[in-house]
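Below: the structure, in structure tokens.
The values are calculated or read from the model by the stated rules, or taken from the named source; none is laboratory data. Being a predicted model, the structure only gives us computed values, none of them experimental. Please note: Cβ atoms are built from the backbone with ideal geometry, for glycine as well, and neighbour counts cover all protein chains shown. Accessible surface is based on the protein model in full, side chains and every heavy atom, while ligands, DNA and RNA are left aside. Shrake-Rupley method; radii C 1.70, N 1.55, O 1.52, S 1.80 Å.
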Amino acid sequence: MNEMTALKDPMVPAPFRIERVRKELSDTFTIDLVSAERRRPLSFLPGQFNMLYVFGVGEIPISISGDPADPETVVHTTRAVGSVTNAMWKLGVGQTIGVRGPFGTSWPVEKAEGCDVVIVTGGIGLAPLRPAIYQIMANRAAYGNVCILYGARTPEDILFRKELEKWRGQFDLQVDVTVDYATGRWAGRVGVVTKLISRGGFDPHQTVALVCGPEIMMRFAVEALAERGVPNERIYVSLERNMKCGIGFCGHCQLGGDFVCKDGPVFGFDKIAHKFAIQEL
Ligand SMILES: Cc1cc2nc3c(=O)[nH]c(=O)nc-3n(C[C@H](O)[C@H](O)[C@H](O)COP(=O)(O)OP(=O)(O)OC[C@H]3O[C@@H](n4cnc5c(N)ncnc54)[C@H](O)[C@@H]3O)c2cc1C
Ligand code: FES
């Protein structure tokens, strides 16, 4: 948890008002929240998450997907998969959500200064990485080559499409997008995102890799990065586990000796490589 800026009691949700709701994809939406108390900023580090409480339904962990430079607006991008996420999507502007956080570890954005950065992500995995991309772009000169390698199921499933196009158009980073299945007029790449790693424009000897997506994608991504020569200690992955408290009390998210809510969700791969070897982690 970021001690300087977290809400006062980590177990008591603070009321946040929904300021904007955007449909991103057929099953995915983004909500902008502002503190209902005093427009209190909620500073966070890229990769951290909040526990979001839909009153009367339940509480779930969702990564923060907004810009760390704008802590007054707390942004979350969510795929509707079950009871809480679907109830959240039904809420409208002006309604209130309970927020606890921010919790968890962050992407090593500052540690990566002076290095190349490769971001490998699939599906909604781009959402927890977007704050890291914003921070890197705001301080672009501090990094070497920056590559964003993104995979979606179909062209209709490409998240933050306009931003990906904008970033690609800036000429100071490589953005490669691929889909599993081409539909409509798609003339771009087809195939799994991990295939893009072999020709990503980064120097493996001075690269930090940030990886987030479905578990199977992360396994293959880590393998492909290792084949390129990126050492485990410069590969970072973000893990998901069922969570209740979000602060290391209840044990719900335990993974061996680690609590994903407190020791993660972002882990240096060298710290968890042995656990990653277990199927269906
Ligand atoms: C640290 C962390 C960060 C997360 N960040 C995000 C985020 O930024 N955006 C986001 O959309 N989700 C994120 N998640 C996942 C999110 O918490 C779950 O999707 C959510 O808890 C599901 O709650 P529910 O009540 O809607 O679904 P439930 O009613 O609990 O589940 C309904 C059905 O959906 C399935 N299901 C549950 N979770 C998932 C999932 N992740 N993917 C596919 N199927 C699932 C269940 O197996 C079940 O069959 C994050 C999880 C963690 C641990
Ligand atoms: S969610 Fe309670 S210990 Fe992690």
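Numbers at a glance
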{"quantity": "Subset of the stretch 195-216 (residues that are at pLDDT below 95, part of a helix (DSSP H, G or I) and either open to solvent by less than 70 Å² (accessible area, probe 1.4 Å) or within 19 Å of VAL109 (Cβ to Cβ) (or both))", "calculated": "GLU215"}
{"quantity": "Test: THR105 is within 16 Å of ligand 2 (Cβ to nearest atom), at pLDDT 95 or above and open to solvent by 20 Å² or more (accessible area, probe 1.4 Å)", "calculated": "yes"}
{"quantity": "The stretch 239-252: number of residues that are open to solvent by less than 50 Å² (accessible area, probe 1.4 Å) and within 7 Å of ligand 1 (Cβ to nearest atom)", "calculated": "1"}
{"quantity": "Residue list for the stretch 90-114, filter: away from ligand 1 (no atom under 16 Å from the Cβ), part of a loop (DSSP other than H, G, I, E, B) and in contact with a Lys or Arg (Cβ under 8 Å, 6 or more places away or on another chain)", "calculated": "VAL93, GLY94, GLN95"}
{"quantity": "Selection from the stretch 235-250 of residues that are small (Gly, Ala, Ser), in contact (Cβ under 8 Å) with a residue 60 or more places away in the chain and near ligand 2 (Cβ under 7 Å from one of its atoms)", "calculated": "GLY246"}
{"quantity": "Index of the failed condition, ALA87 passing every other in (1) under 24 Å from ASP263 (Cβ atoms); (2) outside any loop (DSSP other than H, G, I, E, B); (3) touching a residue at least 24 places away in the same chain (Cβ under 8 Å)", "calculated": "(1)"}
{"quantity": "Enumeration of residues in the stretch 25-37 that are in a loop (DSSP other than H, G, I, E, B), away from ligand 1 (no atom under 14 Å from the Cβ) and not acidic (Asp, Glu)", "calculated": "ALA36"}
{"quantity": "Residue among GLY257, GLY264, GLY213 that is under 30 Å from ASP9 (Cβ atoms), within 16 Å of ligand 1 (Cβ to nearest atom) and not aliphatic (A, V, I, L, M)", "calculated": "GLY264"}
{"quantity": "Candidates ASP176, ASP180, ASP258 - the one that is without any contact (Cβ under 8 Å) to a residue 60 or more places away in the chain, within 30 Å of GLY101 (Cβ to Cβ) and acidic (Asp, Glu)", "calculated": "ASP258"}
{"quantity": "Flag if VAL99 is without any contact (Cβ under 8 Å) to a residue 60 or more places away in the chain, more than 17 Å from the chain's Cα centre (by Cα) and open to solvent by less than 20 Å² (accessible area, probe 1.4 Å)", "calculated": "no"}
{"quantity": "Residue count, the stretch 253-270 (criterion: loosely packed, with under 15 Cβ neighbours inside 10 Å and under 21 Å from LEU210 (Cβ atoms))", "calculated": "1"}
{"quantity": "Matching residues, the stretch 33-62, being open to solvent by 60 Å² or more (accessible area, probe 1.4 Å) and under 20 Å from LYS90 (Cβ atoms)", "calculated": "TYR53, PHE55, GLY56, VAL57"}
{"quantity": "Enumeration of residues in the stretch 251-269 that are more than 7 Å from ligand 2 (Cβ to nearest atom), within 19 Å of MET51 (Cα to Cα) and assigned to a loop (DSSP other than H, G, I, E, B)", "calculated": "GLY264, PRO265"}
{"quantity": "Residue check, SER83 farther than 30 Å from ARG228 by Cα, open to solvent by 50 Å² or more (accessible area, probe 1.4 Å) and over 14 Å from the mean Cα position of the chain (by Cα)", "calculated": "yes"}
{"quantity": "Residue check for PRO128: within 16 Å of ligand 2 (Cβ to nearest atom) and surrounded by 24 or more Cβ atoms within 10 Å (Cβ to Cβ)", "calculated": "no"}
{"quantity": "Residue match in the stretch 21-32 (condition: touching a residue at least 40 places away in the same chain (Cβ under 8 Å), open to solvent by 30 Å² or more (accessible area, probe 1.4 Å) and farther than 29 Å from GLU156 by Cβ)", "calculated": "no"}
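Yes/no matrix, rows are residues, columns are (1) assigned to a strand (DSSP E or B); (2) within 14 Å of the chain's Cα centre (by Cα):
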{"site": "ARG39", "(1), (2)": "no, no"}
{"site": "PHE44", "(1), (2)": "no, yes"}
{"site": "ALA69", "(1), (2)": "no, no"}
{"site": "HIS76", "(1), (2)": "yes, yes"}
